[in-house]
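What follows is a single structure, written as structure tokens, with notes after it.
Just so it is clear, none of the values below were taken in a lab; they were calculated from the coordinates. Here the structure is a predicted model, which is why all the values come from computation and not from measurement. No Cβ is skipped: glycine too gets one built from the backbone with ideal geometry, and neighbour counts run over all protein chains shown.
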Amino acid sequence: TNINPAFQARELEFLLKKVNCRALVCPLTFKTQKYYNILKQICPELEKARAGDLRSNRLPDLRSVIMIGDKLPGTFSFQEVFEAASSSHHQQLLNVQKKISFDDPVNILFTS
């Protein structure tokens, strides 16, 4: 799912609950938005969580936050996740790519 980058904490919380989001990939910042700080507002457990094992009262499905940029408390860095992928994962991705057509629905877009 793509998320409107202007979403504030309340809107982000609604979206993450609505789609039962288990993992979130986001940049540290975009324009004036500081996404880690927004996440901490709705998920204060993030700072003390072990990366990949987040347990939040308000976001019960969310387990992993992957930050593009620096690794922050409770998160994986995108580079860390990228480097953890084995060659078998790459082969799985190539196999999936062969099954997907450019006109297959694969995205839910939430806007304002």
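General remarks:
- The Cα center of the range 26-63 and the Cα center of the range 68-92 differ in position by 17 Å.
- Here the spin labels are modelled as points 7 Å beyond Cα on the Cα-Cβ line, and at VAL96 and GLU83 they lie 2.3 nm apart.
- Only Lys, Arg, Asp and Glu carry charge here, each on its Cβ (+1 for the first two, -1 for the last two); on that basis the chain has a dipole of about 260 debye about its Cα centre.
- Extension gain, LYS48-PHE30: 0.36 nm per intervening residue step, less the Cα-Cα distance, totals 4.1 nm.
- Under the criterion of Cα pairs below 8 Å and six or more residues apart, the relative contact order for the range 55-100 equals 21 percent.
- Applying a threshold of 29 Å to the alpha-carbon distances of LYS17/LYS71; LYS18/LYS99; LYS18/LYS71; LYS18/LYS48; LYS48/LYS98 flags LYS48/LYS98 as lying beyond it.
- DSSP-defined beta bridges in the range 1-87 - what % are antiparallel, rounded to 5: 20
- Square roots of five times the Cα gyration tensor eigenvalues for the range 34-96, Å: 26, 13, 10
- Note on the range 1-82: Cα convex hull, mean projected area over all directions, 4.8 nm².
- Extending 7 Å from Cα along the Cβ direction at ARG58 and again at ALA9 yields two label points whose distance is 0.5 nm.
- Between THR29 and TYR35, the built amide H atoms are under 5 Å apart, and every one of these is 5 or more places off in sequence or on another chain.
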